[in-house]
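Everything below concerns the one structure shown next.
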Amino acid sequence: MNNGNFVLQSSSNPSIVFWQSFDYPTDTLLAGAKIGWDKTTGLNRRLVSRKNLIDQAPGLYTLGLGQNRLGHLLWNSTLEFWTSGAWNGRYFNLAPEMIGALTPNFTFINTENESTFMYTLRDDTAIVQCAIDVYGQGLVGAWLEPIHNWLINYRQPIFQCDVFATCGPFTICRENADPLCSCMKGFSLGSPKDWDLGDRSHGCRRNTPLGCENEGNKPGLAAKFYPVQGMRLPHEGAKVPAATSGDDCQRICLGNCSCTAYSYGKGGCSIWHGKLYNVKQQSDASSAANGDTLYIRLAAAELPESVVSKKQSGINLVGAAVGASAAALVLVILGLVIWSKKGKWFTSTPVNGVGIISFRYADLQRATKNFTERLGGGSFGSVFKGYLSDSVTLAVKRLEGAHQGDKQFRAEVSSVGIIQHINLVKLIGFCCKGGERLLVYEFMPNQSLDVHLFKANGTVLDWSLRYQIAIGVARGLAYLHTGCRDCIIHCDIKPENILLDTSFVAKIADFGMAKVLGREFSQALTTTRGTIGYLAPEWISGSAVTSKVDVYSYGMVLFEIISGRRNSSQVGDGDYSAFFPLQVARKLLSGEIGSLVDPNLQGDVNLEEVARVCKVACWCIQDNEFDRPTMAEVVQFLEGVIEVDMPRVPRLLNAITAGVGSPTSDT
């Protein structure tokens, strides 16, 4: 068939189909094919990974729909390690990245006859890949003919180490290491040949057998334990409530020959029998609070006496190889810069499981028509529109200034380059050539929020759309602060850095000032500054910044979404009494919020939502950062999950106007 379906049908009656390949997909789903359940026949269509990079035999990972109508990834057809969430009419709730200009149109069908999932192409000439790879990650990509490469738009799980048992038994997965997988101490590759072909299911095996393995499960007195710190513990540990100390836990494990490891911590004693699966090094092994200590059972001959007598001596051996994830990623990027200067170009460079393309300068020069169609710019440089094909439009940011360009380049790739979220602009790739630093993003046809709020030629956004934009930006910031492996502080939230896609979905952009903090850190010192009018007081004073500086900036943006004007537009000659945030704080107390709304809306607003946004904005700009909500709380406020209390008038605003005519509840 023209759609790629191989069909065996009756020669006399083509409607009678004996067999079709669409009912038995391999590792790739074609447009028009379905995965899911046929409720009449019981047929379950699902994608199955390959055994390895060259063998088409079935592997260990499957992608399909469960009986609960949720998409999921399974290991060995039994263990679920990722789920999509419920379908909301446009996408699965836990996979909002499914929608976008560069992704196909996905459809979920749930009737009495079937519960299935499929996609159709936006452009019949597009070449799209929807598949599960040999390593257990589901992905959606598009072929870019001008650069002869795949652009991976979507991948789940985002990080390879979050795929269950991705390295096989008796291994440790380290997300930022090269190689990603390594054997535990005292173990070596079970099948180096298979390993090189991408089949890590055999994992690693012991160099030296334990002394009791052939003695009828008698205790192995010669066995010892090797500690590794900062671990995600193996799958299926058995709790031992009787063990009340680490020594008790060790003795219990040592007394059973099948016990291969133990851990003792806040959750008590856990021991493991047989193979150890799904062990992962957390982002910072030097932090005792980040992960647990796993004691691996080894033959005494595998351990030097110094390690046997002192459990902690092995910790640094593991931790030294693993730095903070952001720092490691920056080193990767610096390495790419060095390689590009030597004239060695990569066709594709995956960073932390998300495909980012290394473009040739000539390709971007051609795509942007020699950088002639300028979309905008600022102190960082300029943004140009580019075309890779009739169906793929790009935004190419050309950084300027040798030192500042390098700094912004590293900041953007090390932050937005390792994450994906529907409310964050997608970084497609980059280019380094000589002094040129270019970043390639998905194109946002509806420009930035400031165009529609402040400029006469912009579209007047109705209140419902403004409210959804406010929630979208809040979700994006909440993800940056708490949903990523590291906390990412954007440091420059303003309407100019909030882009709008075809459906006016808000996407946070411009990560040139972003700070990436490991989870063990809560604040950072920085010499860079955001934009006047959106800066938190503690930043202006030179104090260390936290994620609450983004909360403050977001609050200032909320005021502008309400009014449709710059907050400072009515301030003149040192008279701050008309400063819009102060007006909001006062009129909330007097109950006159209707007069605050953008007159272009002609009163067509939901006053309950307006009041909610006003309250949230005032809480966000409180002087003391500890009084401001987190962005996760802001999302709950705006979604109506949590009621918002009446905020205080910020002292700083009150002081600026000398408290003229201001009722205040601040004590």
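Measuring r between the beta carbons of Q447 and N207 and using R0 = 51 Å, the FRET efficiency lands at 0.25. Inter-label distance, H148 to L375: 2.8 nm, where each label sits 7 Å from its Cα along the C-beta direction.
Legend: translational diffusion of the stretch 449-656 by Stokes-Einstein, Rh = Kirkwood radius over C-alpha pairs, 37 °C, 0.692 mPa s; D = 191 µm²/s. Given a cut-off of under 8 Å on Cα pairs at least six residues apart, what relative contact order in percent is computed for the stretch 20-158? Computed over the stretch 20-158, the figure is 22 percent. Taking amide hydrogens as placed 1.01 Å from N in the peptide plane, the amide H of N207 sits under 5 Å from those of F187, S188, each at least 5 positions away in sequence or on another chain. Measuring between their Cα centroids, the stretch 418-468 and the stretch 30-75 lie 35 Å from each other.
Taking Cβ atoms as reference points and 11 Å as the exclusive limit, the residues near H421 contribute a net charge of +2, counting Lys and Arg as +1 and Asp and Glu as -1. Once the mean of 1/r is taken over each pair of separate Cα atoms and inverted, the stretch 109-170 shows a Kirkwood hydrodynamic radius of 14.1 Å. Computed over the stretch 20-158, the alpha-carbon pair-distance distribution with 10 angstrom bins reads 12, 44, 36, 8, 0, each value a whole percent. Modelled this way, with points 7 Å down the Cα-to-C-beta line, the labels at D178 and A238 are 4.2 nm from one another.
I need the fraction of alpha carbon pairs in the stretch 84-230 separated by more than 29 Å, rounded to a whole percent.
Numbers: 4541 of 10731 pairs.
The answer is 42 percent, as a whole percent.
Cross-link reach is defined here as a Cα-Cα straight distance under 13 Å, omitting same-chain residues fewer than 8 places apart; for K51 the aspartates and glutamates meeting it are D27, D133, D194, D196, D199.
Here the extension length gained between K587 and E436 equals 49.3 nm, from 0.36 nm per residue of separation less the Cα-Cα distance.
Taken together, the values in this text are just the output of simple stated rules run on the coordinates, not laboratory data. The structure displayed is predicted, hence computed values, not measured ones. Here Cβ is always computed from backbone atoms with ideal geometry, including for glycine, and neighbour counts include all displayed protein chains.
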